[in-house]
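Worksheet: the structure to be examined is printed underneath.
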Amino acid sequence: MRALVTGVAGHLGEALARLLTARGDEVTGLDRLASPFVTHHGDLLDEDLAARAMVGAEVVFHAATLHKPHVATHPKQAFIDVNLTGTRILLDAAARAGVRAFVFTSTTSVFGEAMNPTPGAPAVWVDEALTPRPRNIYGATKFAAEHVCGLARRETGLNAIILRTSRFFPEEDDDPATAAAYEPDNLKLNEFLNRRADIEDMAQAHLIAAERAAEAGLGPFVITATTPFERGDLAALAEDAPAVLARRTPEYASAYARLGWRMFPSIGRVYANDAARTALGWAPRHDFRSMLARVASGRPPASDLALAIGAKGYHRE
C-alpha cells in the first residue's frame, strides 16, 4: 500500500510513517519541516504540491495542523489557512486521485466549553453524543474542517473518516499552573484516566480507520485510552477523584505513595472511546493500569514508540 502522510515531521506523522514502513508499506511524507520521512517538502496550501504528493496514493493520513499551543503565537488567519483551507485542498486532490480512504486527525478540543461542568455539577462524559462548542480558533477550525470532510464524503464519495484525538504529546502541559503543580510524568499518568492516549495507540487507530473507513462511515470517533471510570462515577469524580480511583484501581494508592505522586483532587471530564472500539474494532494496548505498571518498574508512562519519537516542540520555526 502507498500512503500519503501529512505532517510527517510531527509526533503522529512520524509514528504513522514508522508503523507503515515497518509493515512494508510505501510512505509519501509531506511537511514544511525537515524529517527523515519527508519526501515532499513544502506548504500544505500549495495545490500543485498536494497533487504531486497524491500521485499513486491509496490512503491519506492528514495529520498536519496548527495546534492549540500555536493559538498564542499565530494569527487566526493562519489557523483558517492551514486547518481549514489546507484540508479542503487535500480532500479535493484525494477525490481526484481516487484514494480509497482519507483519515482526518481532528481533536477533542472541538468540544471546548461543552467539557466544562458548571460548579457543583458532575463531571462531563465526553463521547460522540456531546455537542461541540469550540472555545478558540484551533477548535473552531478543526470542527469546520470536519464538516468539509463530511461534504467531501457526500459529494464525491471519498471515504473520509474523522478521528477526534485526545492528548498524546510528550511536551510540558501548556497550562502553566497545571505544569507547575505536578511532575511531568505524574501529570501524564493521571491523564491516562480521562484525557490521554499513547501515540502508539493513536497511530494504530489511524491505520485501522483507513481499513474500515468505507463501512464505519465518517464518524467522528473519539480516540483516547480506555478509562476505568463509568458514567455512574461522574458525580463522585467531581467531588473526590482519588476515592473513586481507589475503588476502580486499588493498586494505584501504594504505587503513588512510593513515588511521592498525587492524583487530581477532582476530575471534571472523562473521555470515552466505546464507539471507536466497537465500530472500528480498535483495541488500544495502553491505559492507566498498563502505564502504572511501567512506572512501577522504573519506566516513564509512555510506549517504546513514544520514547523513540521523543519530544518535538510546537515552535521549531
Which one is surrounded by the most Cβ atoms within 10 Å (Cβ to Cβ), of the residues in the range 12-25 that are of a type outside the set (A, V, I, L, M) and assigned to a helix (DSSP H, G or I)?
G13
Could you say which residue among D127, D174 is under 20 Å from V270 (Cβ atoms) and either in contact with a Cys (Cβ under 7 Å, 6 or more places away or on another chain) or acidic (D, E) (or both)?
D127
Selection count where residues are among the hydrophobic types (A, V, I, L, M, F, W, C) and out of contact with any helix residue (DSSP H, G or I) (no Cβ under 6 Å at 6 or more places or on another chain), scope the range 222-245:
8
When T28 is run through (1) in contact (Cβ under 8 Å) with a residue 60 or more places away in the chain; (2) not in a helix (DSSP H, G or I), the failure sits at (1)
If a residue has to be among the acidic types (D, E) and closer than 15 Å to Q204 by Cβ to count, how many in the range 273-308 make the cut?
2
Reported set for the range 212-247 where residues are of a type outside the set (D, E, K, R), under 30 Å from L91 (Cβ atoms) and surrounded by fewer than 14 Cβ atoms within 10 Å (Cβ to Cβ) is A214
Given the structure, is P250 of a type outside the set (A, V, I, L, M, F, W, C), farther than 29 Å from T118 by Cβ and part of a loop (DSSP other than H, G, I, E, B)?
yes
Looking at the range 248-279, which of its residues are β-branched (V, I, T) and either surrounded by 15 or more Cβ atoms within 10 Å (Cβ to Cβ) or at pLDDT below 95 (or both)?
T249, I267, V270
Residue pairs meeting the criteria (Cβ under 8 Å; at least 6 apart or on separate chains; first without any contact (Cβ under 8 Å) to a residue 24 or more places away in the chain and part of a loop (DSSP other than H, G, I, E, B), in the range 159-173; second buried (at least 22 other Cβ atoms within 10 Å of the Cβ) and among the hydroxyl-bearing types (S, T, Y))
none
Just to be sure, is V8 assigned to a loop (DSSP other than H, G, I, E, B) and crowded, with 23+ Cβ neighbours inside 10 Å?
yes
If L207 meets every condition in (1) farther than 27 Å from G98 by Cβ; (2) part of a helix (DSSP H, G or I); (3) not basic (K, R) apart from one, which number is that one?
(1)
Please determine whether any residue of the range 215-238 is among the charged types (D, E, K, R) and within 30 Å of A17 (Cβ to Cβ).
yes
Going by the conditions given, is A213 within 30 Å of N159 (Cβ to Cβ), among the small types (G, A, S) and over 17 Å from the mean Cα position of the chain (by Cα)?
yes
Restricted to the range 155-168, and to residues that are within 21 Å of G112 (Cβ to Cβ) and touching a Phe, Trp or Tyr at 6+ places or on another chain (Cβ under 8 Å), which residue is surrounded by the fewest Cβ atoms within 10 Å (Cβ to Cβ)?
S166
Against the definition (surrounded by 18 or more Cβ atoms within 10 Å (Cβ to Cβ), small (G, A, S) and closer than 26 Å to L305 by Cβ), how does G29 come out, yes or no?
yes
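The values are calculated or read from the model by the stated rules, or taken from the named source; none is laboratory data. Remember, it's a predicted structure, so these values are computed and weren't measured experimentally. With ideal geometry, Cβ positions are generated from the backbone for all residues, glycine too; neighbour counts draw on all protein chains shown.
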